[in-house]
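These notes concern the structure reproduced below.
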Amino acid sequence: PYTYNPCSAKERAREFALEAMAEDLQRLEALPGNYYNFHPGAHVGQGADVGIQMIVDTLCQVMFEGQQTTVLLETMAGKGTEVGRSFEELACIIEGVAAKCPELSDKLGVCLDTCHVSDAGYDIIHDLDGVLDEFDRVVGIDRLHAVHINDSKNPCGAHKDRHECIGKGYLGNEEFGGGMQVMQNIVSNGRLCSLPFILETPNELAGYAAEIRLLRSLQQ
Ligand SMILES: [Zn+2]
């Protein structure tokens, strides 16, 4: 559900996000124990604080006590007016929900997208552990439940959000200053390796099979 925006300036768009998320979370009760990942949204010029408050309000309305699904906020690249471009913004959403609806707090977490965090300016090429330390300090590592493992078509800090196949972009390719060692560090990191990793490229089965084989061969 990447197309909706719970912090749109248009009321109808916010209502659509609310209805879609509420329905999804109700339906997911038939498949208990899943993660429900979403892009927090774009504040479209209203300011990050307003956007964060709208996202908090939406989450407090669509989540419910005793739900068996964990809702994950995805780390964003910071393209345009995206909310969730920094660990601080994600922490504000989580703290906002915890303050308003404490009973929902333990069902809220984060999915780290490797392309997005690099595009957002976190240097996972040279200092993955430093970035995870910062995540732990700001959000808490126990909130991290999943990884979207993508390479990036753009350098660290570009604020673009263009995924690339593993090994062909700025993270995994030496031509751009990265390398397979970067991917190896990600899939072998002690704080990440037990989490589910989701591929969002290359979009066809043979390509997925090749990337899965590659990543498994790298894992130490
Ligand atoms: Zn993603």
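Table: residues versus (1) closer than 26 Å to residue 97 by Cα; (2) out of contact with any helix residue (DSSP H, G or I) (no Cβ under 6 Å at 6 or more places or on another chain); (3) within 12 Å of the ligand (Cβ to nearest atom); (4) open to solvent by 40 Å² or more (accessible area, probe 1.4 Å).
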position	(1), (2), (3), (4)
111	yes, yes, yes, no
115	no, yes, yes, no
127	no, yes, no, yes
142	yes, yes, no, yes
176	no, yes, no, yes
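Only one residue in 46, 68 is among the polar types (S, T, N, Q), touching a residue at least 40 places away in the same chain (Cβ under 8 Å) and away from the ligand (no atom under 15 Å from the Cβ). Which one?
68
Within the range 11-22, which residues are surrounded by fewer than 12 Cβ atoms within 10 Å (Cβ to Cβ) and farther than 15 Å from residue 57 by Cβ?
12
Considering only the range 71-100, state which residues are in contact with a His (Cβ under 9 Å, 6 or more places away or on another chain) and free of Cβ contacts under 8 Å to residues at least 40 places away in the same chain.
Listed by number, the residues that qualify are 73, 80, 81.
Just give me the residues in the range 140-158 being touching a strand residue (DSSP E or B) at 6+ places or on another chain (Cβ under 6 Å) and of a type in the set (Val, Ile, Thr), in sequence order.
Listed by number, the residues that qualify are 147, 149.
On the given criteria, is residue 40 crowded, with 16+ Cβ neighbours inside 10 Å and within 16 Å of the ligand (Cβ to nearest atom)?
The answer is yes for residue 40.
Do we find a residue being in contact with a Cys (Cβ under 8 Å, 6 or more places away or on another chain) and outside any helix (DSSP H, G or I) anywhere in the range 5-28? Reasoning before the result, please.
Just the residues of the range 5-28 that are in contact with a Cys (Cβ under 8 Å, 6 or more places away or on another chain), to begin with: 14.
Going one step further and asking which of them are outside any helix (DSSP H, G or I), we end up with none.
Within the range 5-28, none of the residues are in contact with a Cys (Cβ under 8 Å, 6 or more places away or on another chain) and outside any helix (DSSP H, G or I).
Of the numbered conditions (1) within 24 Å of residue 193 (Cα to Cα); (2) hydroxyl-bearing (Ser, Thr, Tyr); (3) away from the ligand (no atom under 16 Å from the Cβ), residue 105 satisfies every one except a single condition; which is it?
Evaluating residue 105 over (1) within 24 Å of residue 193 (Cα to Cα); (2) hydroxyl-bearing (Ser, Thr, Tyr); (3) away from the ligand (no atom under 16 Å from the Cβ) leaves (1) as the failure.
Suppose we filter 105, 152, 86 for residues that are small (Gly, Ala, Ser) and under 19 Å from residue 170 (Cβ atoms); which single one remains?
Every option except 152 fails the conditions.
Give the residues of the range 178-204 that are among the small types (Gly, Ala, Ser) and open to solvent by 60 Å² or more (accessible area, probe 1.4 Å), sorted by residue number.
Correct list: 190, 194.
Away from the ligand (no atom under 16 Å from the Cβ), farther than 11 Å from residue 6 by Cβ, open to solvent by less than 10 Å² (accessible area, probe 1.4 Å) and touching a Ser or Thr at 6+ places or on another chain (Cβ under 9 Å), is that true of residue 97?
yes
Of the residues 90, 31, 59, 73, which is crowded, with 23+ Cβ neighbours inside 10 Å, farther than 18 Å from residue 120 by Cα, at pLDDT 95 or above and out of contact with any Cys (no Cβ under 6 Å at 6 or more places or on another chain)?
None of the others qualify; the one that does is 59.
Name the single residue that is farthest from the ligand (Cβ to nearest atom) among those in the range 144-155 being in contact with a Lys or Arg (Cβ under 8 Å, 6 or more places away or on another chain) and either within 12 Å of residue 73 (Cβ to Cβ) or assigned to a strand (DSSP E or B) (or both). Full working, then the answer.
Looking only at the range 144-155, we keep the residues that are in contact with a Lys or Arg (Cβ under 8 Å, 6 or more places away or on another chain), and these are 144, 151-154.
Now restrict to residues that are either within 12 Å of residue 73 (Cβ to Cβ) or assigned to a strand (DSSP E or B) (or both): 144, 151-152.
On the way: 144: 14, 151: 12, 152: 11 Å.
Applying the filter and picking the extreme gives 144.
The values are calculated or read from the model by the stated rules, or taken from the named source; none is laboratory data. Just so it is clear, the model here is predicted, and its values are computed rather than measured. Here the Cβ is made from the backbone with ideal geometry for all residues, glycine too, and neighbour counts use every protein chain on show. Protein only, heavy atoms only, side chains kept; ligands, DNA and RNA dropped before computing areas. Shrake-Rupley method; radii C 1.70, N 1.55, O 1.52, S 1.80 Å.
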